[in-house]
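First the structure, in the form of structure tokens, and then the observations on it.
Please treat every number below as a calculation from the coordinates, not as lab data. From a predicted model like this one, the values you see are computed outputs, not experimental measurements. Cβ placement follows ideal geometry from the backbone for every residue including glycine, while neighbour counts extend to all protein chains displayed.
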Amino acid sequence: MLHAVIMAGGSGTRFWPASRAAAPKQLLNLASERTMLQATVERLGSLVPPERVLIVTAERLAPAVREQLPQLASRAVVGEPCRRDTAGCIGLAAVLTAAKDPDATLAVLPSDHVIASDAAFQQALSQAAALVDARPNAIVTFGIKPTYPAESFGYIERGAPLADGGAGSYAVTRFREKPKAEIAREYVAAGNFYWNSGIFVWKASTILKALEAHRPKVYAPLMKIAAALGKADYDDTFRQEFAALESVSIDYAVLEHHPEVLVIEAPYTWDDVGSWQALTRLRGVDAEGNTVVGRHLGVDTQGSIIRTDDNHLIATLGVKDLIVIHTPDATLVANKHDEEAVRKLVKLIEERGWQEYM
């Protein structure tokens with residue numbers, strides 16, 4: 001059966017001050033009235049019912065995640081006691097799912113992407129699941145056709161089309177790191193490169209065997225966790241062995257070594273919502289090129305991104321290309337074209353010990 005694993009442990013520092021340690025971006029309603037996590041779960045529809053959905057998040061976020069997803073059983077939300085990157089997160093999910101369904105197929109999804117339409121997404125997941133059923137050793141990912149030479153995404157170089165994979169399915173030649181601008185332009189011009197969406201479909205057993213082969217320091221602690229399932233000392237074993245996991249991404253741990261990696265060209269639109277600039281793509285602009293969420297009065301204001309709530313007015317006069325984000329205890333005013341500086345700002349806040357703003 002097809003199960004969904006949703007990775008919901010990110011911090012989203014580029015969305016400060018809205019995104020905080022206790023409420024990172026996946027728990028915010030940045031793209032619509034639903035939070036990004038809620039939209040990710042709802043996007044699955046009837047293809048993956050609630051009893052086959054597993055959320056892996058940070059331990060401190062687990063109560064908030066459960067509150068946002070009351071349709072899921074409490075045990076469907078698993079809190080990691082520490083950060084161990086995506087290989088640990090995915091390996092843990094594979095162990096927990098395989099214990100219930102040894103032949104499980106896993107769809108692994110980030111919690112902070114915006115995708116449309118739900119129907120097209122479900123159709124793509126179904127195609128990938130069928131491909132994995134036919135080729136149990138396969139790992140299937142989804143490639144996004146690039147619309148510009150992005151430097152902030154990894155790329156997938158596709159190979160030959162698959163005769164048995166359905167429309168838009170290919171072998172993967174190799175994965176490419178985030179490129180410099182010149183290389184990104186070459187990728188886009190070549191026509192056989194995709195952005196790596198970070199969405200995967202595979203058998204739980206396949207990913208565990210791959211971790212055993214390529215990352216024993218991830219696999220061995222996971223097997224100790226698996227052996228403790230249902231036992232009185234499970235909680236203690238889980239915390240101890242999860243902390244012992246090697247911290248490594250699933251890309252380095254498995255994808256770059258696996259002999260059968262396939263890609264399906266995504267038939268849906270996709271946005272990774274990586275920074276405040278994404279609001280312009282998702283929410284649109286007014287006649288002056290401003291993206292506004294909340295109550296705003298602007299005079300001679302162009303090209304700005306403004307987010308507040310209807311109880312707090314932001315008024316701007318004679319400004320251009322700003323990001324203005326209001327929250328009850330902190331306000332950001334930034335140059336729209338220097339968003340990476342937001343991360344530097346958050347680091348400075350942390351260095352000053354102002355934890356109440358983190």
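Of note:
- Amide H to amide H, with H built 1.01 Å from N, G12 comes under 5 Å of K25, counting only residues 5 or more places away or on other chains.
- Label zone (Y357, point 7 Å along Cα-to-C-beta; backbone nitrogen cut-off 20 Å) within the stretch 254-298: 276.
- Computed Kirkwood radius, in angstrom, where 1/r is averaged over Cα pairs of the stretch 21-106: 13.7
- R0 of 22 Å, Cβ-Cβ distance Q277-E151: FRET efficiency to nearest 0.05: 0.95
- Across the stretch 254-260, rounded Karplus estimates of 3J(HN,Hα) from the backbone phi angles (6.51 cos²θ - 1.76 cosθ + 1.60, θ = phi - 60°) give 10, 4, 6, 10, 5, x, 9 Hz, Gly and Pro being marked x.
- Between E288 and R174, full extension at 0.36 nm per residue minus the direct alpha carbon distance yields a gain of 36.7 nm.
- Packing around the peptides 249-255, 264-270, 115-121, 336-342, taken as the average count of other Cβ atoms within 10 Å per residue, puts them in this order, highest first: 249-255, 264-270, 115-121, 336-342.
- Extent along principal axes [Cα atoms of the chain; Å; largest to smallest]: 61, 52, 37
- Around the amide H of T269, modelled in the peptide plane, lie the amide H atoms of A116, S117, all under 5 Å away and 5 or more residues distant in sequence or on another chain.
- The 3J(HN,Hα) values that the Karplus relation (6.51, -1.76, 1.60; θ = phi - 60°) gives for the stretch 193-210 are, in residue order, 10, 10, 6, 7, 7, x, 10, 9, 9, 6, 6, 4, 5, 5, 5, 5, 5, 5 Hz. Gly and Pro appear as x.
- Distant-in-sequence amide H partners of H113 (H built 1.01 Å from N, under 5 Å): none
- In straight-distance terms, cross-link reach from K100 covers every one of the lysines whose alpha-carbon lies under 29 Å from its own, apart from those fewer than eight places away in the same chain; here that gives K203, K209, K217, K224, K231.
- The calculated FRET efficiency for the pair A330 and C82, based on their C-beta separation and a Förster distance of 25 Å, comes to about 0.40.
- Across the stretch 68-81, coupling constants 3J(HN,Hα) worked out from phi with the 6.51/-1.76/1.60 Karplus curve, θ = phi - 60°, read 6, 10, x, 6, 9, 5, 4, 6, 6, 10, 10, x, 6, x Hz, and Gly and Pro carry x.
- Rg to Rh quotient for the stretch 69-192, alpha carbon positions, Kirkwood Rh: 0.99
- Based on DSSP H segments of at least four residues, each scored -39500 (n - 2.57), the chain has a per-residue ellipticity at 222 nm of -9500 deg cm²/dmol.
- Just so you know, the averaged projected area of the alpha carbon convex hull for the stretch 214-262 sits at 4.0 nm².
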